[in-house]
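Here is the structure we will look at.
The values are calculated or read from the model by the stated rules, or taken from the named source; none is laboratory data. Since this is a predicted model, take the numbers as computed values, not measurements. Quick reminder, even Gly has a Cβ in these numbers, built from the backbone with ideal geometry, and neighbours come from all protein chains shown.
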Amino acid sequence: MSPPRFGKVFMSVKPRNGDFLSDETKRELIQRLKSYAVAGIVPEFIDLKYLYVELQSNPYYNPSLNDDPDNLKTGISNALTQYSRSIDVNKFGGRFKYSKAISLIDSVDASITSNITLVTIRRNLKAVLGQFAQYEVCYGNRFHTQESSYNVVSTGFTIEGVTGTVYLADEVINREKGRIFFFTYIEGGTPSIVKKNAGTVDYMTGEVLIDTVNILSTVVANGIVEIQAIPHSNDIVGLRDLYIKFDMTNTTINMIQDLIASGENTSGSRFVHTHSYYTPTFIRKSNSPVSTAAAILPSTASSTSTTTTSGGTYSGSTTSSSSSSTPSSSSSSSSSSSSGYGY
């Protein structure tokens, strides 16, 4: 544990069926373990923390060898699904191996000539609805900061004092640190920042700290806010109690014709280029990758509010503040009234 908690042994369990143990099962297991416990050592269960791996894959195929992209897409999906059930990821200390995943895509059919596949990681924050709370969400993997903002994005939620759906994102301060800000967005418009200093990001350790906020509701069911980040390495490691889960639900596959390989356009003048790096994006939609809309950086977005009253609601005045608000540190989260945590 970081920091250490002396005198206790912490345990996480992955059930064969389902994602979490019931409280009753935890109590039963603790009772059984008492006869094996060393004097002075207290066993304690902590809920399993899932680290989700999501892919955006763009396989190129030769239409002269296979003119059925839907069938190829199904074959790739089946191959990746099989890998998602492998021992590489479904264990404590698991590791998503990027080279294995992309080689599986290439080997599905002889018509597949190559693929460009991007990796993102996600944690699910379980909000304490209707109460002020601070949140700490740890990924155990270093974040990539190729853009000055929107390397970390979330699904929507509502907060006290702000009308409409709110999203969170990051703004880079330096190579190691960033700040979290909240913004609203209407389709076809530009982001409007409602809180400029809403927390901090440690890019080196992969840790997101959210300052005291009262989350009233979430777009995703069961009070979940999905927070997605771009990893520094495409190989993802399950650090400590993080359990890696390769999420095929949010993995997308976009088949692209390789016109050079088919001989249709050997000069390459009509070849479809795919980005090998993430382009700026700013909204994560539930059950889909990040929005492909062009991102607006905080410096060019309109700002409607940046200050917080003592009661936790947001004022409507517009200010410009460069200071970063840092929440108190804890193993999960802390608040004077309640606690929140990442699932």
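Please determine, by comparing only the residues of the stretch 51-97 that are touching a helix residue (DSSP H, G or I) at 6+ places or on another chain (Cβ under 7 Å) and among the small types (Gly, Ala, Ser), which one is surrounded by the most Cβ atoms within 10 Å (Cβ to Cβ).
So, considering only residues that are touching a helix residue (DSSP H, G or I) at 6+ places or on another chain (Cβ under 7 Å) and among the small types (Gly, Ala, Ser), the one surrounded by the most Cβ atoms within 10 Å (Cβ to Cβ) is SER57.
When only residues in the stretch 52-87 that are closer than 20 Å to LYS14 by Cβ and in contact with a Phe, Trp or Tyr (Cβ under 6 Å, 6 or more places away or on another chain) count, which is modelled with the lowest pLDDT?
Residues of the stretch 52-87 that are closer than 20 Å to LYS14 by Cβ, as a first pass: 52-54, 81-87.
From what's left, in contact with a Phe, Trp or Tyr (Cβ under 6 Å, 6 or more places away or on another chain): 53, 84.
Numbers: VAL53: 94, SER84: 90.
In this case the residue turns out to be SER84.
Anything in the stretch 220-268 that is charged (D, E, K, R), surrounded by 20 or more Cβ atoms within 10 Å (Cβ to Cβ) and outside any strand (DSSP E or B)? List them, or say none. Spell out the reasoning first.
Taking the stretch 220-268 first, the residues charged (D, E, K, R) are 226, 235, 240-241, 245, 247, 258, 264.
After this cut, where a residue has to be surrounded by 20 or more Cβ atoms within 10 Å (Cβ to Cβ) as well, the list is 226, 245, 258.
Residue satisfying the conditions is ASP258 alone.
Taking the residues in the stretch 149-186 that are in a loop (DSSP other than H, G, I, E, B) and under 18 Å from the mean Cα position of the chain (by Cα) as candidates, determine which candidate is farthest from LEU239 (Cα to Cα).
As a first pass, look at the stretch 149-186 and keep what is in a loop (DSSP other than H, G, I, E, B): 155-156, 160-165, 173-176, 185-186.
Next cut, under 18 Å from the mean Cα position of the chain (by Cα) only: 155-156.
Working: THR155: 24, GLY156: 27 Å.
My answer is GLY156.
Cβ-Cβ below 8 Å, separation at least six or inter-chain, first residue in the stretch 139-151 and crowded, with 23+ Cβ neighbours inside 10 Å, second at pLDDT 85 or above and acidic (Asp, Glu): which pairs?
Correct list of pairs: TYR139/GLU207; SER149/ASP170; SER149/GLU171; TYR150/ASP170; ASN151/ASP170.
Name the residue that is modelled with the lowest pLDDT, counting only residues in the stretch 189-205 that are more than 23 Å from VAL128 (Cβ to Cβ) and crowded, with 20+ Cβ neighbours inside 10 Å. Reasoning before the result, please.
So the first thing to find is which residues in the stretch 189-205 are more than 23 Å from VAL128 (Cβ to Cβ), and the list is 189-193, 196, 203-205.
Applying the additional criterion that residues be crowded, with 20+ Cβ neighbours inside 10 Å yields 191, 193, 196, 203.
Details: PRO191: 84, ILE193: 91, LYS196: 92, TYR203: 96.
By that ranking, first place goes to PRO191.
Return only the number of the condition from (1) touching a Leu at 6+ places or on another chain (Cβ under 7 Å); (2) farther than 30 Å from THR274 by Cβ; (3) among the basic types (Lys, Arg) that LYS126 does not satisfy.
Failed condition: (1).
Would you kindly identify the strands (runs of 3 or more DSSP E) lying entirely within the stretch 3-112 that contain at least 3 residues that are over 23 Å from GLY140 (Cβ atoms)? Write out each step before concluding.
Working: elements: 8-11, 42-45, 49-61.
Counting at least 3 such residues, we get 49-61.
I'd like the residue in the stretch 98-120 that is polar (S, T, N, Q) and under 12 Å from ILE256 (Cα atoms) and, out of all such residues, is surrounded by the most Cβ atoms within 10 Å (Cβ to Cβ). Lay out the reasoning, then the answer.
Start the filter on the stretch 98-120 by keeping residues that are polar (S, T, N, Q), which leaves 99, 103, 107, 111, 113-115, 117, 120.
Okay, now just the ones that are also under 12 Å from ILE256 (Cα atoms), so 111, 113-115.
Working: SER111: 20, THR113: 17, SER114: 15, ASN115: 22.
Per the criteria, the residue is ASN115.
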